[in-house]
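Here the structure is laid out as structure tokens; the discussion comes afterwards.
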Amino acid sequence: TQTIIDLLNKYDNSFNLILTHGITFGGFNVVNIDKISSKLGKPLIAITENVPKGDNFQNALKNVPETSLKEQYMKSAGELHSCKIKIGAIESQVFFYIKNINVDLARSFIKKFSLFYYYLSFIPGNAG
């Protein structure tokens, strides 16, 4: 959590929104998205393609250090929202947590960014 805050602080508020790919990084490193958003004073959207399934992650989490702290971060992430995105004939559903942003506005950003990424992938030489 602090590493992300420190990294983003280097950009002197040159951004207005924080997007993360989920709330876990590198396996079982759960970040406190509430703290990141509040410390930086920016809205945050943590997007994932999958809903956590069953207790598999929770059970595995019990075998790593700081289990209770990581469980607290997961709980503080709040409600898991969903959004359907459609690009051409492809329709998909993504899931997301939000901090300091309205759920409808977050859905709007997700749809716009998904479309932008799709078109960006057609630019020659872009790894997408």
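The table below lists the values:
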{"read-out": "Local net charge near I47, Cβ-Cβ under 15 Å (Lys/Arg +1, Asp/Glu -1)", "value": "+3"}
{"read-out": "Alpha carbon centroid spacing (whole Å) that separates the stretch 72-115 from the stretch 7-29", "value": "16"}
{"read-out": "The stretch 1-100: GluC sites (Glu not before Pro) falling in loop per DSSP and having at most 10 other Cβ within 10 Å", "value": "E49, E79"}
{"read-out": "27 Å Cα-Cα threshold exceeded, pairs from K39/K84; K42/K75; K39/K75; K35/K111; K62/K86", "value": "K39/K84; K62/K86"}
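Throughout, read-outs are computed from the coordinates displayed, never taken from laboratory work. Since the structure is predicted, the reported quantities are computational estimates derived from the model, not experimental observations. Reconstructed Cβ throughout: ideal geometry from the backbone, glycine too, with neighbour counts over all protein chains shown.
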